[in-house]
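J.: Pasting a structure here, questions to come.
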Amino acid sequence: MSEPRQAVSGAFVLLQVGDGRVALPAEIVSELAPPVRLHSFPHSSRFITGVIVRRGRIVPVYDANSVLTRKNSSPQRFYLIAQRRVGKVAEMGAIPVNGECELVSAEMRPPGGDRPAYVAGTIAVGEQLLEVLDLEAFIASNSTRDDDSHATQVQS
């Protein structure tokens, strides 16, 4: 039987995604990159909008806006570059953000309620209660969803 998760204090980066805000743990955030050319290519995932080249590396861009608000991201945007782990390998990923990002110290509480598996917890910022994303779970759950829907389309 697993123990209930306790509140954890830490630093979080708040990002504007569409009309709402979410948070990521600050330790996984590498930088906020200025708008650069998004390279698109044919692929089967609606969640991946393309790639950007940052510091000589190809970085996949994940459209969090399409998942969180059910709308596509606007064309003029910054990219929040964060690290995620795929097995034992660290990989960079980018999330398009609107507006400014903010660094806050807060206490993350367990998610509670009927929240998606990619929500690691919630933090209170002023009067708002914001979800903290588990980036690895967020990408994995949405990539799987795209694969499943693509498989369904192919079989139909």
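J.: Can you run phi through the Karplus equation (6.51, -1.76, 1.60; θ = phi - 60°) for the range 117-127 and list ³J(HN,Hα) in whole Hz, with x for Gly and Pro?
T.: Listing the rounded values in order: 4, 7, 8, 7, x, 10, 10, 9, 10, x, 8 Hz.
J.: Also, quick follow-up: 5 Å is the cut-off here: which amide hydrogens, built 1.01 Å from N in the peptide plane, fall below it relative to Met108, excluding neighbours closer than 5 in sequence?
T.: Those qualifying (amide H under 5 Å, at least 5 residues apart or on another chain) are Val8, Ser9, Gly10.
J.: Rounded to whole Å and ordered largest first, report the semi-axes of the equivalent ellipsoid of the range 8-155 derived from its Cα gyration tensor (root of 5λ). Display every interim value, and only then the final one.
T.: Values: eigenvalues 116, 71, 44 Å².
Rounded to whole Å, the semi-axes are 24, 19, 15.
J.: Which cross-chain or sequence-distant (5 or more) residues have an amide H under 5 Å from the amide H of Val125, H modelled 1.01 Å from N in plane?
T.: Those lying under 5 Å, H to H, from Val125 are Leu130.
J.: In whole Hz, with x marking every Gly and Pro, tabulate ³J(HN,Hα) for the range 79-91 from phi via Karplus 6.51 cos²θ - 1.76 cosθ + 1.60, θ = phi - 60°.
T.: Using θ = phi - 60°, the values come out as 10, 8, 9, 9, 9, 9, 10, 10, x, 9, 9, 8, 10 Hz.
Laboratory data are not the source of any read-out in this text; all were calculated from the coordinates shown. As the structure is a computational prediction, the values presented were derived from the model and not from experiment.
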